[in-house]
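Working notes, beginning with the structure itself.
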Amino acid sequence: AINLGVLAGGSDVGRPDKVLISMANAFRSNKDWLANVKTIVIPEPSAPVSEDVVDEFFGVLCGGACRLTEISVTGVAMTYNSLVHMVQLCNFRMLRKLHLVRCSVESVAAASAHFDEVTLAEAISALPDLDELSLFGNPIKHWVLSLLKLGNSGLFDRLKVLDLGRCQLSEASVKIFAELMVEFKSLEVLILRAAGETANGLDALCENMYFKKALYSLHTLDMGSCRLTPMAAECLARWAIGGAAIGANLKYMGIHHNKFSDSSAELLGKALKDCPRLKIQLHDCGISADMQQKLFQDHGERAGGCSSGADVGDIEAIPMVWNFGTSEA
């Protein structure tokens, strides 16, 4: 495993360009080493990384007998060439985890007449072993439609983790997702935090989860800051209660920073009662102080955000809990 955050120590602190170039040169000079690397992790850089360096690094990866099973990139702006290289890396067909977090994917799609969004979507969906996909923080809006429409490739059967948080999904994208989510057979973690471009569609997604009895494979659901209504909260509560009746393993539901009513919160309390392992994050959900106190008295910290004096005004202050699908919520 190569973690460039660990390697960027000593005199290279604050110089991510130099670290990437050094690694690219090392890969060039030792193709056997590159062939044995399984994981590449590029954490949030401390300074901007130039486009030429990004292109060069991913180009070198494509030039070897690559056997990568995980690529995780955070806060590095992808260019047209680097996305083409990403498609080529996908063509090696060994990737299990692909995380492109805040990588400006949408900027390339919008700015380049040569970028074919379907190409990357097809490459991703064709990966035979892919089970984790994160596109968090890329306002891809309509781009995700290309990926969702390719569900018949078997991607929906394989994925265990899907993170589309802060992707500004268009209403059309959310509508298609709501229709197709019954096809997800193995999904354990679904992150839609602040995912919608508008509020339209996300309520319907919650309704479909309940009425279609979908996504009972989930142990983690994050729909914080999705502008959900009290009706959506009631649907999610009934969905969780229905899942408990058939032995579902839901452990965490993040629905903070939405606007619910006390009656919908009361139904969420019933979900907590019926699901003894479940924690529901309810920071800033518009429910009364009396209802918050009741939920905390009945369920303790499993009613997240209802303890006395709880005040989390910023959605980013509530951390992601899934940790690439491995943490216990």
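The values are calculated or read from the model by the stated rules, or taken from the named source; none is laboratory data. Please read these numbers as outputs of a predicted model, since none were measured by experiment. As a convention, Cβ positions derive from the backbone with ideal geometry for all residues, glycine included, and neighbour counts pool all protein chains shown. Note: accessible area is taken over every heavy atom of the protein model, side chains too, but ligands, DNA and RNA are not part of it. Shrake-Rupley method; radii C 1.70, N 1.55, O 1.52, S 1.80 Å.
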Exercise for review: May I ask you to order 286-293, 255-262 by the average number of other C-beta atoms within 10 Å around their residues, highest value first?
Suggested key: 255-262, 286-293
Point to revise | Cα-centred dipole magnitude for the range 148-255, charges only on beta-carbon of K, R (+1) and D, E (-1), debye, nearest 20 | key: 200
Point to revise | Accessible area in square angstrom per residue, the range 155-198, 1.4 angstrom probe | key: 33
Check your understanding: Quick one: which of Lys213/Lys259; Lys213/Lys294; Lys212/Lys294; Lys175/Lys270; Lys251/Lys273 span more than 21 angstrom between C-alpha atoms?
Key -> Lys213/Lys259; Lys213/Lys294; Lys212/Lys294; Lys175/Lys270
Point to revise | Ordering of 296-303, 17-24, 226-233 by packing [mean C-beta count within 10 Å, highest first] | key: 226-233, 17-24, 296-303
Study note, to complete from the structure: Long-range amide H partners of Lys279, meaning residues 5 or more apart or on another chain whose placed amide H is closer than 5 Å, are Tyr252, Met253
**Study point:** Mean Cα-pair separation over length for the range 195-254, i.e. relative contact order, pairs under 8 Å, 6 or more apart, %
**Key:** 45
Study note, to complete from the structure: The set of residues whose placed amide H lies less than 5 Å from the amide H of Asn249, leaving out same-chain residues fewer than 5 positions away, is none
Point to revise | Mean Cβ neighbour count within 10 Å, used as a protection proxy, ranking 131-139, 41-49 highest first | key: 131-139, 41-49
